[in-house]
1. With the condition being of a type in the set (D, E, K, R) and either touching a strand residue (DSSP E or B) at 6+ places or on another chain (Cβ under 6 Å) or surrounded by 14 or more Cβ atoms within 10 Å (Cβ to Cβ) (or both), I'd like the strands (runs of 3 or more DSSP E) fully within the stretch 59-100 carrying at least 3 qualifying residues.
2. Being assigned to a helix (DSSP H, G or I) and within 17 Å of the chain's Cα centre (by Cα) narrows it down to one of Asn56, Asn22, Asn4, so name that one.
3. Report, by residue number, each residue of the stretch 27-53 that is within 16 Å of the chain's Cα centre (by Cα) and outside any strand (DSSP E or B).
4. Any residue in the stretch 55-71 that is over 17 Å from Leu101 (Cβ atoms) sitting within a Cβ distance under 8 Å of a residue that is of a type in the set (Phe, Trp, Tyr) and outside any helix (DSSP H, G or I)? List the pairs, counting only those 6 or more apart or interchain.
5. If I go through the stretch 26-58 residue by residue, how many of them are more than 25 Å from Gln13 (Cα to Cα) and surrounded by 14 or more Cβ atoms within 10 Å (Cβ to Cβ)?
6. Is it the case that Ala7 is surrounded by 13 or more Cβ atoms within 10 Å (Cβ to Cβ), farther than 24 Å from Leu104 by Cα and of a type in the set (A, V, I, L, M)?
7. Specify the residue that is surrounded by the most Cβ atoms within 10 Å (Cβ to Cβ); the eligible residues are those in the stretch 13-25 that are of a type in the set (A, V, I, L, M, F, W, C) and closer than 23 Å to Lys110 by Cβ.
Amino acid sequence: MNRNIIAELEKEQIKAEKPQFNVGDTVRVANRIKEGTRERTQIFEGVVIKKQGGSNRETFTVRKISSGIGVEKTWPINSPNVEDVTVVRMGKVRRAKLFYLRGLSGKKAKVKEKIVARTK
């Protein structure tokens, strides 16, 4: 009985249109930030190194290098604060989690780009 109630509550929280991206893709996340009484949108661009969970608990982690320091942020996919996730380029990877990027720097920390054939 309790499981049905929890499942119904989770269905209400899921977004109608989920962003479509995979691990290894370079994405631009538009995050809504509230500062006092004002709201603004902040963009965070980086490589998706992890996707985990399911249902309304699904999260993704994005990593970027800022001033020579690695920065990672994790967001719930269904969060109302995540306005938009735009895929900048698709990455070609063979792993589900890209934690090895944490130990790399410079050009070695790049992910190869997947070339998609376009049809007319």
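Please treat every number below as a calculation from the coordinates, not as lab data. Keep in mind the model is a prediction, meaning the values are calculated, not measured. Please note: Cβ atoms are built from the backbone with ideal geometry, for glycine as well, and neighbour counts cover all protein chains shown.
1. Values: elements: 59-66, 69-76, 82-89.
Correct list: 82-89.
2. Details: Asn22 fails: assigned to a helix (DSSP H, G or I); Asn4 fails: within 17 Å of the chain's Cα centre (by Cα).
From the options Asn56, Asn22, Asn4, the qualifying one is Asn56.
3. Listed by number, the list holds a single entry, Gly53.
4. Thr59/Trp75
5. Of the residues in that region, 3 qualify.
6. Numbers: surrounded by 13 or more Cβ atoms within 10 Å (Cβ to Cβ): no; farther than 24 Å from Leu104 by Cα: yes; of a type in the set (A, V, I, L, M): yes.
Against the criterion (surrounded by 13 or more Cβ atoms within 10 Å (Cβ to Cβ), farther than 24 Å from Leu104 by Cα and of a type in the set (A, V, I, L, M)), Ala7 does not qualify.
7. Checking each candidate, the answer is Phe21.
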